1. Can you confirm whether residue A:400 is crowded, with 20+ Cβ neighbours inside 10 Å, aliphatic (A, V, I, L, M), outside the structural domain of residue A:293 (by TED's automatic domain parsing) and touching a strand residue (DSSP E or B) at 6+ places or on another chain (Cβ under 6 Å)?
2. For segment A:65-84, state whether one or more residues are in contact (Cβ under 8 Å) with a residue 24 or more places away in the chain, among the aliphatic types (A, V, I, L, M) and closer than 29 Å to residue A:275 by Cβ.
3. Going by the structure shown, is residue A:119 out of contact with any strand residue (DSSP E or B) (no Cβ under 9 Å at 6 or more places or on another chain) and among the small types (Gly, Ala, Ser)?
4. Criterion first (in contact with a helix residue (DSSP H, G or I) (Cβ under 6 Å, 6 or more places away or on another chain) and at pLDDT 85 or above) does residue A:401 satisfy it?
5. Somewhere in segment A:404-426, is a residue buried (at least 21 other Cβ atoms within 10 Å of the Cβ) and part of a helix (DSSP H, G or I)?
6. Can you tell me which residue within segment A:445-467, out of those that are buried (at least 18 other Cβ atoms within 10 Å of the Cβ) and outside any strand (DSSP E or B), is nearest to the other protein chains (Cβ to nearest Cβ)?
7. Report yes if some residue within segment A:433-443 is at pLDDT 85 or above, of a type in the set (Phe, Trp, Tyr) and more than 25 Å from the chain's Cα centre (by Cα); otherwise report no.
8. Can you go through A:416, A:381 and tell me which one is in contact (Cβ under 8 Å) with a residue 40 or more places away in the chain and either among the aliphatic types (A, V, I, L, M) or more than 13 Å from every other protein chain (Cβ to nearest Cβ) (or both)?
Amino acid sequence: MVTRPIAEKPLFTESGWDFAGLDCIYRAIEEIALNELKLDVYPNQIEVISSEQMLDAYSSLAMPLMYNHWSFGKLFAREETLYRGGYQGLAYEIVINSNPCISYLLEENTMTMQALVIAHAAFGHNHFFKNNYLFQQWTNAEGILEYLSFAKRYIAACEEKHGREDVEAILDSAHALMNEGVFRYRRPPKPSKERVLEKRRRRMQYEEESRNELWRTLPAGVEPPGAPPTTEIEEGAPAEMKLPEENLLYFLEKHSPALRPWQREVLRIVRNLAQYFYPQKQTKVMNEGCATFVHYTLMNALYDRGLITESSMLEFLHSHTSVVFQPEFDDRRFNGINPYALGYGMMADIKRICEQPTEEDRDWFPQFAGSGDTMAVLKDAWANYRDESFIEQFLSPKLMRDFRMFALHDEADEAAYKVSAIHNEQGYKRVRAALARQYDVGASDPNIQVAAANLTSDRKLLLEHRMHRGIPLHEQTRDLVCGHIERLWGHEVVLAEIADEDQVSQAE
Amino acid sequence: MTHFIDRRLNPKGKSLGNRQRFLRRARAQIREAVQKSLKDAAVADIGKERKIKISTKGTKEPRFRLDPRAGGEHDFVLPGNKEFMPGDEIKKPRSGEDGGRGKQASDSGEGDDDFEFTMTQDEILDIFFEDLELPNLVRTTLKETPTKAWRRAGITTAGSPTQINLVRTMRNAFGRRIALRRPRPQDMLELEAQLAALEMEEPQTDDTRGQISALKDVIAKAEARRKWIAFVDPLDVRFNSFTEQPVPTSQAVMFCLMDVSGSMGEREKDLAKRFYMLLHMFLRRRYEKVDIVFIRHTHDAQEVDEQEFFYSRQSGGTIVSTALDKMLEIQKERYATADWNIYAAQASDGYTQSGDARHCVEMLNADIMPLCQYYAYIEILDEREMEVFASEDSGAELWRAYRTVAELWQNFATKRISKPADIFPVFRELFKKSETA
């Protein structure tokens, strides 16, 4: 460890914060994060907001701007009730995967909490967003805010032109298919942002050309901003159907016989959002683990240098421990495995394995046990894994013992769960595999594909749900969602559940 | 580079629009829930902010999801093992029981029947008073200082700076700049770049020097031109214009007559007060200009203020006609029929001094009903009486007497209330928007 001069006095002693103080602590954190941990981050933009604004942000999928829809109002009503009733506190921060990386700090936080949050969001999450392969490949941090602002204006303009009910109906249906609106394995045919920019460029050009003719008064028709001046259909004639197609929204957008151009654009907006959020869904544990590990390390470094007082260190530890608290399964507070707890636990464990490995660790992790270079191992993990693979690769027996994990096997027709493995020598591998599987979105999301679409005769759309280990779809919601698909397709839709053994049962 | 941005002063309530969309969407469910929750509220709490539980019908957001209970098999991991060994069995919690511990938290609890959230007073009242109105309201004379409203009146060339219409102003400026060929900034940059390029040229021949001075001239002219032709000229500026316009108003007064005599028990008074409370809120909310006159009576009548009407206690004998007298007296004094729409709502338990009922009927027929746009009589019964007087025709003295008035006058309504749950339907029925309106 490099020994550093101890600062003469801490950066702050009061619990209240001000902007000068924030700037000061930010610099101190930045210095350690960049020079010692060698994090690689987008430029930060830190915004202080009030609790009401935090509630607002909650209910627009934590994005700074979002098109209008009643479901966000519903979310807001729920969050507000929970918050005002005291059932639920607000998050200390929200961070957005964009460039610059925007973090929101709650104004009610104390100075210590602001420091914690800056370390957590502006460096932890930020590093993860910038470096993880899923985010790099699938999301466009540069363009997301611009795209959202386009989406918001486009939807508003559509509402003005086509009526609110019609637009809401399309959005309802599109939202119902959000989970099925992502490309899981292949990249979307064309990055959306460039299309939008290209469109915008063309439109601006058009406007500029027409504006110069002063003597011609142009009728001021309401036109969705960003929409091209004339109907622009997808490249070439009706694109060839590539079946099977896993991205239902994409399929409907391209091939539905019932949709008008603006409705296709709405589907595309929802689909792009779904795709944007898809990596976050697959990296909850890692993302939170990374941010928590980073804030823990940074806060300790600050303390070691005498930059924060003992009392704020205690305040920090209090909040840190409640964040990484994991209730046991029979606890009333239990609500699944806490991603902060698991993620932080695993990363702290990697550090231990790197620095003070036991014999067991050397057996299990020969590649890096005792290597001493924690950050190298962690950065590699942060960059190249998602939850499923990270757990499969890095969950150690020690952590399984600490969490006292056990795996249950559940068969629908049995009256009891069977304990299939516990945290012992014979069970480690099975527990670890089961846990990794649990985080595999490929297995937890239903696998639904468009199997066939008859465009020439009755226009029937055939969907297939390929059941995984015999688990069917939830019946009521299935029927409701099928109704939405019918609205988008305009004709009959049949969803077939295909069992592993190729038994076919049909549902309307 | 880091930016700290203070967003706290940014406008709040970004979600308000979405919230209204949600309320509109769930209107039917919310109305039902609001009525149910108001029913049990204490008098003072009517119309306060409250928690509403609605069914999710109409606001469902279905998604495909797997249902491991229905079939198939899967494995999952839980923390906190204390005594289990491999091969042990754990009984499954019955469905519905404590959310199926051990199941991964299903996203957002879709499929649950109820959705709970808080509504503000305004939202509740809006929903409750939706489609209600004062019947037969007519436009009275405009002689009383009519209210005025600001209306947009196009665009003008003069006005206060706060009302500048930026779009129009900039459009004019843009047009003028093009028409007068004001050199654009990029033209200037180009010229200067050319000049710089020439000046850099080595060696400087006479030719280039000539070019340089010519170019300098051009630049000087362009600069001068940019100076005379302003970017935005006072000529371009346009203002939004507003004018005041008189808005015809209809003045109305509501007489609230309440019996507070000894025969009215606490329960009856409470019911009557609830009714008036609702009426009061309705008028305040929908008709800014409505005057409300509170009259309470025992064996004699008094005009009282709102506070006293709702919250004070008083007792005594019963002479209903005193209240009608009082009402007429006030009406003569302050509310000329030419200028005012007159409404009255009377609540009583239906008992009055013998003979008084006939007197009341005479007064109503002769003096009051000709003045009134609408007269609502609410009789407050206890539940036993309600059963006895199941039919409209039978009832206490006042009820039977008032039935005869109702036959004569279309704008005279009689209703009965015996429990809190009756108030809202009765209220809605009395002030239903008429189809013909």
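The values are calculated or read from the model by the stated rules, or taken from the named source; none is laboratory data. This is a predicted model, so every value here is computed, not measured. Ideal geometry is used to build each Cβ from the backbone, glycine not excepted, and the neighbour counts take in all protein chains shown.
1. On the way: crowded, with 20+ Cβ neighbours inside 10 Å: yes; aliphatic (A, V, I, L, M): yes; outside the structural domain of residue A:293 (by TED's automatic domain parsing): yes; touching a strand residue (DSSP E or B) at 6+ places or on another chain (Cβ under 6 Å): no.
So residue A:400 fails the test.
2. Yes, there is a match, as at least one residue in segment A:65-84 is in contact (Cβ under 8 Å) with a residue 24 or more places away in the chain, among the aliphatic types (A, V, I, L, M) and closer than 29 Å to residue A:275 by Cβ.
3. yes
4. Working: in contact with a helix residue (DSSP H, G or I) (Cβ under 6 Å, 6 or more places away or on another chain): no; at pLDDT 85 or above: yes.
No.
5. No; the residues of segment A:404-426 include none that is buried (at least 21 other Cβ atoms within 10 Å of the Cβ) and part of a helix (DSSP H, G or I).
6. Checking each candidate, the answer is A:446.
7. No: segment A:433-443 contains no residue that is at pLDDT 85 or above, of a type in the set (Phe, Trp, Tyr) and more than 25 Å from the chain's Cα centre (by Cα).
8. A:381
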